[in-house]
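Derivation of every value follows stated rules applied to the coordinates shown; laboratory data play no part. Bear in mind that the values here come from a model prediction, so they are computed numbers and not experimental data. Neighbour counts are summed over all protein chains in view; Cβ atoms, including those assigned to glycine, are modelled from backbone coordinates with ideal geometry.
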Amino acid sequence: MRFLNKALLFILFSIPVVSQTRFFLYQKAGAFNVAPWVRYNSVEGPFTGLKTQIFISSTWILEGQAGYALSGKFPRYEGKIAKKYLTEENEFSFFGEYFLRTETGDKRNLPDWQNSVLTLLFDQDYYRHYKLQGERIGINSVWWGVYTTEMSIARKEYGSLRALDIPSLKNRKNAFNPSIAEGLEYAVNLAVMMDPRPSPRAFVNAWYFSGDYENSRIFKSISDFSNQKIDATIRRFQEVFSGQRMVISLRGGLFVGQRADSRGFIYEPFLFDAGGIGSIRGYSYGEFSNGKRLVTGSVDYSFNKRLLPRTTLTKIWGIGRLFSIADLTLGADGGNVWGGNLTKASNFKSSAGAGLSFGDVARIEYFWALSNTTQTRRGDGTVYVRINF
């Protein structure tokens, strides 16, 4: 198992790199391709599988992935078929899918492959996992390559997952995978996105917006849950002072309704958390949790090779090379989660930090809490390593 863990670690570190080159284990242009599907977490242990796309025709596409949790000893799979309709500027598609997943609500702040690496290296699984099985049908549209909308209706069954009792995870700090409200849910979903950038890694002056709305209240007569949830993010990418970069982000969320089963378990992953990477840095991950309201904001400023590479620091023996390829970044975060309709401004938490950025590839940051009312679980400051893929 130790050899397998090392092999998984190598693959996980490779994923963000090979994904940029569209690496496949096997590919036949215009016909099909096969790619790896791997991860590691506290409920599955090592997970290995394959993803595939089959182009039945120029407008029919079949997608699927299947894998097996080697320590958890259970399979996971999903399949999707889509029919596309193309015009000169727009694209529409109708789709249907069936899935049996190990799901989490934490991917918005931390990508799956990064959580897998943290679990392997430091026994730190930041995800709260649960079982999700069901079907979904919908329509997706892309307008002028900038605006994307997706409307769907789904039937979903939720189940709890138990954390594994395996040696490599026995001493991890996040040793408990919480139980969730189990039951059946029918829901409609609307997702919208506006992104005029040529690619997610391209920095151009632009506004970005993404929003997601889900409603199971309209099916309360046949669904075990009755709630609505809105989660939206707006972001501005702006170049200033001839090449320096600034990113301003604001996220808001609202949850309304009932989300508990007959055992009294609350569906915690459906509620909002704040704290840690992707949220309020300087605090521990998810330090402020289970809120029905969310507001967070951040400002990041990068000198983008306009400061340190132009100083005498590049001539220091031994470390001068570091300052020739890196530059200073500054940042500040703020926000909180809460349960009522209103909250006091004094309840909002804030943090600030600085670090080094290595082009568009990676950043090393140190953030510390500015609020005196809350002591973080890991001290007053935290170091973050961010890989921008």
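Each of Arg386, Arg281 was scored by other Cβ atoms within 10 Å of its Cβ. Arranged with the fewest first, they read Arg386, Arg281. Counting only aspartates and glutamates at least 8 places from Lys84 when in the same chain, those with an alpha carbon closer than 17 Å to its own are Glu63, Glu97, Glu150. Counting beta carbons within 10 Å around each of Phe288, Phe358 and listing the fewest first gives the order Phe358, Phe288. Each label point was placed 7 Å from the Cα along the Cα-to-Cβ direction; for Arg155 and Ser199 their separation is 4.1 nm.
Counting beta carbons within 10 Å around each of Lys315, Lys131 and listing the fewest first gives the order Lys315, Lys131. Distance between the 7 Å Cα→Cβ label points at Leu86 and Val383: 4.9 nm.
Rounded to the nearest Hz, the phi-derived 3J(HN,Hα) couplings of the stretch 224-233 under the Karplus curve 6.51 cos²θ - 1.76 cosθ + 1.60 (θ = phi - 60°) are 6, 10, 9, 7, 9, 9, 10, 9, 9, 9, where x marks glycine and proline. When the stretch 208-328 is described by a simple charge dipole with +1 on each Lys and Arg Cβ and -1 on each Asp and Glu Cβ, the residue from Leu250, Ser223, Leu271 located farthest towards its positive end is Leu250.
Residue separation of Lys73 and Trp207 scaled by 0.36 nm, minus their Cα-Cα distance, works out to 43.8 nm of gained length. With only the Cα atoms considered, the stretch 58-175 has a convex hull volume of 128 Å³ per residue.
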